[in-house]
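Here the structure comes first, spelled out in structure tokens, and everything after it is commentary.
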Amino acid sequence: MTGQPDIVIVGAGIGGIYAIIRLRRLGFSVVGLESADEVGGVWYHNNYPGSRVDLESDTYCYFFDEELYRDWSWSERYAAQPEVLDYLKHVAERFDVYRSLQLGTRVVNARWQPATQRWLVETDRGPALEPRFLVMATGQLSRPRDPEFAGLHDFQGQWYQTAQWPKHDVNLKGKRVGVIGTGSSGVQTITAVAAEAGHLTVFQRTPNYSVPAQNRPPDGCRRRRLLSRFPHLWDDILSTGAGTFMPPPAGRAADFPVEEQYQLMQQRWDFGSQSMLGVFTDQLTDWTANELVSEFVRDKVRDTVRDPRLRGVLVPDSYPMGTKRLILDTGYYEVFGQENVELVNLRQDPLRRITTAGVETRDRHVDLDVIIFAIGFEAFTGALDDAGLTNDAGITPTSLWQQGPQTYLGLQTHGFPNLFFLSAPGSTSVLANLYVGNSYQVDWIGELLLHMRSNNRVQVQATPEAQVRWGGIQAAAAEHLIRRQVNNYMVRVNDDGSRVYIPYGGGLKSYVAHCAAETASGYRGFAFA
Ligand code: N01
């Protein structure tokens with residue numbers, strides 16, 4: 001023991017909190033580093049109006065401790081951000097996470113040192129740390145895209161980013177507010193701000209699919225059922241496709257007569273949740289099946305939006321449903337019926353610049369007091385790049401991912417010994433419940449570290465062969481997914497036109513089976529020293 005920690009964990013969101021608890025319990029000395037002044041990760045930073053989960057809260061939580069699960073009751077089927085953050089703070093207090101955590105400390109550089117077989121981790125505060133292992137729990141959607149709009153610096157009003165929302169009260173009452181971006185963050189913000197703003201202008205480029213979450217108080221029967229099954233719940237949830245319990249698909253769309261197809265879709269609509277993506281088994285792989293459900297949802301939008309001009313702009317017509325993240329809302333399309341809400345179609349009237357007084361498009365100027373940017377993230381790589389990770393050759397892992405991610409099981413990249421990623425490219429990542437995916441990976445890493453400890457090993461890295469093999473498995477899993485054909489942050493399009501699906505698209509159950517097989521093989525995909 002050098003006085004240095006065995007493990008440094010970067011990030012104290014869902015994955016980082018659990019990594020501290022679990023790896024410490026296994027007897028490793030652990031230091032967590034978190035740039036924010038509080039735990040929570042995305043749930044700390046994304047406190048924008050309307051911020052809320054889009055997976056049911058009774059599964060969007062930890063499963064590692066039965067008493068924790070029993071003691072915490074969610075107030076809604078889909079908890080709002082303050083409740084999620086309270087939960088994460090509660091977990092951190094209950095399991096004494098703060099003791100091992102340096103808040104307000106940003107990693108600025110982390111370099112592998114072959115001479116000591118340790119990482120050198122430099123922060124913006126305090127002395128460098130030299131852990132044996134480095135776990136990057138920095139999240140995949142944690143670095144917001146910069147609002148690089150011409151003229152923004154001249155704007156005389158206030159502007160905010162949803163993913164870096166201020167911690168003080170933001171008064172929007174009666175103000176002229178503009179929201180740019182209509183993904184999950186934009187839709188939630190717009191729905192909430194419409195109730196407060198004097199006038200709200202929504203700047204939409206691509207109309208997205210949004211379905212009602214059907215949020216309501218938690219279902220007592222469901223809770224009792226989950227509690228009674230608790231000893232089996234973890235195995236049950238690892239056997240699902242996305243780390244959450246949803247009604248199973250009915251079968252192939254073409255196997256049902258038209259009226260029954262409609263009934264099945266309507267049932268899912270009434271139930272709510274991401275299960276609208278799984279009405280039929282072939283919905284995400286067969287274009288005709290997909291179009292059936294996409295058109296069902298478009299019809300619902302048409303029914304809700306009465307104004308024919310608005311309808312033409314809001315109906316999602318440019319990509320198949322489920323190829324980007326499906327948005328769950330609480331009355332989104334309805335707000336466009338309010339007198340104080342206006343929609344600007346940036347596809348027809350592109351945004352030119354920000355002015356001192358608002359937003360200028362090709363055809364008009366919109367006067368604004370406040371602009372809210374909900375324009376997405378530097379997904380997957382942003383936070384890793386910010387941490388300045390390099391190996392002994394000065395290479396960053398993300399520079400090796402230019403043609404698509406190169407990882408083994410999403411956990412490691414060859415050339416970076418003793419460095420682990422949580423929810424990175426090559427794992428189920430953002431496609432599965434991040435509590436479940438992160439917790440599973442932390443448990444898996446913990447087992448690997450125990451294996452090393454009992455075999456007196458100090459260095460581990462994925463072999464190039466294992467990495468190539470995993471790349472092939474990943475490509476095969478994504479081959480038939482329609483979502484690989486549609487441009488969005490989960491697809492890497494190379495100059496030669498090849499398309500790489502960034503997360504592992506084979507589902508959580510399959511991912512877990514691959515990881516378990518690796519363990520059972522005695523870690524044949526890894527080289528130890
Ligand atoms: O980001 P996005 P997000 N001018 O990238 C538009 C998770 N999440 O933060 O589609 C004008 O989806 C862009 O337009 P276009 C969830 O996994 C979960 O909303 O590129 N517009 C799009 O409309 C989600 O998938 C929850 O044409 C511009 C929007 O900005 C992920 O986070 C809540 C623009 C970006 O949408 C990301 O969602 C929130 C420009 N220059 C987020 N640039 C939950 O419910 C971009 N846009 C748990």
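Adding -39500 (n - 2.57) for every DSSP H run of four residues or longer, then dividing by how many residues the chain holds, sets the calculated 222 nm ellipticity at -9000 deg cm²/dmol.
Listed peptides 132-144, 354-366 appear in the order 132-144, 354-366 once ranked by packing, highest mean of other Cβ atoms within 10 Å at the front.
Here's the picture: charge each Lys and Arg Cβ at +1 and each Asp and Glu Cβ at -1 in the chain, and of 163, 242, 310 the one pushed furthest to the positive end of that dipole is 242.
The 3J(HN,Hα) values that the Karplus relation (6.51, -1.76, 1.60; θ = phi - 60°) gives for region 267-272 are, in residue order, 4, 5, 4, 5, 6, x Hz. Gly and Pro appear as x. Principal-axis analysis of the Cα atoms of the chain puts helix 184-193 at an angle of about 50° to the longest axis.
In percent, rounded to a whole number, the relative contact order of region 9-138 is 32, using alpha-carbon pairs under 8 Å and six or more apart.
With a Cα cut-off of under 26 Å and a minimum spacing of 8 residues unless on different chains, the lysine pairs in the chain number 4.
Annotation: amide H of residue 329 within the under-5 Å range of 211, 213, sequence separation 5 or more or interchain, hydrogens built in the peptide plane. Helix 508-520 axis versus longest C-alpha principal axis of the chain: approximately 10°, rounded to the nearest ten.
Counted by neighbouring Cβ atoms within 10 Å, the residues 509, 173, 324 run from fewest to most as 173, 509, 324. Averaging the Cα positions of each part gives two centres, and for region 258-333 and region 440-506 these lie 31 Å apart.
Stretched out fully, how many nm does the piece from residue 307 to residue 363 gain, at 0.36 nm a residue minus the Cα gap?
On the way: separation 56, 0.36 × 56 = 20.16 nm, distance 2.13 nm.
Length gained between residue 307 and residue 363: 18.0 nm.
Beta-bridge orientation, region 210-373: approximately 65 percent antiparallel, per DSSP, counting only bridges with both partners inside.
Among 43, 165, a tally of other beta-carbon atoms within 10 Å of each Cβ gives an order, fewest to most, of 165, 43. Applied to region 364-379, the Karplus parametrisation 6.51 cos²θ - 1.76 cosθ + 1.60 on θ = phi - 60° returns per-residue 3J(HN,Hα) values of 7, 10, 10, 6, 9, 8, 9, 10, 10, 9, 10, 9, x, 10, 7, 5 Hz, with x for Gly and Pro. In units of the compact-protein estimate 2.2 N^0.38 Å, the chain shows a Cα radius of gyration of 0.98. Contact order for the chain, expressed relative to its length and based on alpha carbon pairs under 8 Å spaced 6+ residues apart, stands at 20 percent. For the chain, the longest principal axis of the Cα atoms and the long axis of helix 434-454 meet at an angle of about 10 degrees.
Working from Cα pairs under 8 Å separated by at least six residues, relative contact order for region 210-373 is 21 percent. The overall shape of region 472-529 is prolate: from the C-alpha gyration tensor, with semi-axes ordered a ≥ b ≥ c, the ratio a/c is 1.5 or greater and a/b exceeds b/c.
Provide, as a two-decimal number, the C-alpha radius of gyration of region 210-373 over 2.2 N^0.38 Å, N being how many residues it has.
1.31
Each reported figure results from applying straightforward, stated rules to the coordinates on display, with no laboratory input. Model, not experiment: these values are computed from the prediction. So basically every Cβ, Gly included, is an ideal-geometry build from the backbone, and we count neighbours across all protein chains shown.
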